[in-house]
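This report refers to the structure that appears directly beneath it.
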Amino acid sequence: MPIRVLLVDDQPLLRTGFRMILEAERDVAVVGEAGDGLQALDQVRALLPDVVLMDIRMPRMDGVEATRRITGPQRDGPAKVLVLTTFDLDEYVIEALRAGASGFLLKDAPAAELVQAIRVVAAGEATLAPSVTRRLLDKYAGKLPSGEDAGVPDALHTLTEREVEVLKLVARGLSNAEIAADLFVSETTVKTHVGHVLTKLQLRDRVQAAVYAYESGLVRPGN
């Protein structure tokens with residue numbers, strides 16, 4: 001079965017470009033388009049896509065609120081959200097990740113990167129470009145509460161010492177392979193630790209884990 005994708009962007013030309021790229025792939029099917037968040041909600045209910053390629057800034061309802069409704073407790077289907085950003089202009093990417101997006105992608109990313117990101121998200125994983133993750137979190141960390149202001153969440157005390165180490169490295173944008181090399185363990189062991197962290201902290205994926213680590217004060221920009 002092909003991955004069912006819904007394109008959400010207020011610029012028709014961009015949607016056309018994305019459609020051309022994705023329709024060239026055998027395992028991807030574009031099932032619909034929407035020009036704003038409200039239309040996206042209607043299309044998600046009607047078409048039941050696997051992945052929603054979501055712009056942030058749109059009229060009527062922006063991508064943050066649309067993401068929150070698509071991935072929230074009252075969700076209408078299994079759709080995952082992949083956020084599109086211009087990075088230097090979009091100030092709401094962190095909010096979209098908090099709202100439940102499974103990752104973000106630059107609008108000028110190569111076609112192959114776009115397709116791979118959709119496959120990763122459809123498989124239930126999060127897509128994070130480590131270098132972009134670090135830059136993004138550092139840029140907007142001023143919007144996040146500091147550890148002194150927020151206090152250390154009780155949930156952090158449920159993690160083992162090694163799990164805390166892994167969470168810190170995830171927050172800094174390291175891949176499983178990089179974490180394994182840093183801690184001198186196997187990638188399988190890292191995956192197990194990441195899974196425990198997500199379960200104990202009740203987080204959806206490593207995107208939310210990265211944001212959680214910054215919000216809790218466990219990791220600070222520049223550290």
Task: Ordering of 16-29, 94-107, 189-202 by packing [mean C-beta count within 10 Å, highest first] - done: 94-107, 189-202, 16-29
Task: Stokes-Einstein D in µm²/s, Kirkwood radius over Cα pairs - the stretch 34-84 at 10 °C with 1.306 mPa s viscosity - done: 152
Task: Positive minus negative residues near residue 11 (Lys, Arg vs Asp, Glu; Cβ under 13 Å) - done: -1
Task: Mean projected area (nm²) of the alpha-carbon convex hull when the stretch 154-216 is viewed from all directions - done: 3.7
- [ ] Sum up the charges of everything whose Cβ sits under 10 Å from the Cβ of residue 39, counting Lys and Arg as +1 and Asp and Glu as -1, but leave residue 39 out.
- [x] -3
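Rule-based calculations on the coordinates, nothing more; no lab input. Keep in mind that this is a model prediction, so the values were computed, not measured. So basically every Cβ, Gly included, is an ideal-geometry build from the backbone, and we count neighbours across all protein chains shown.
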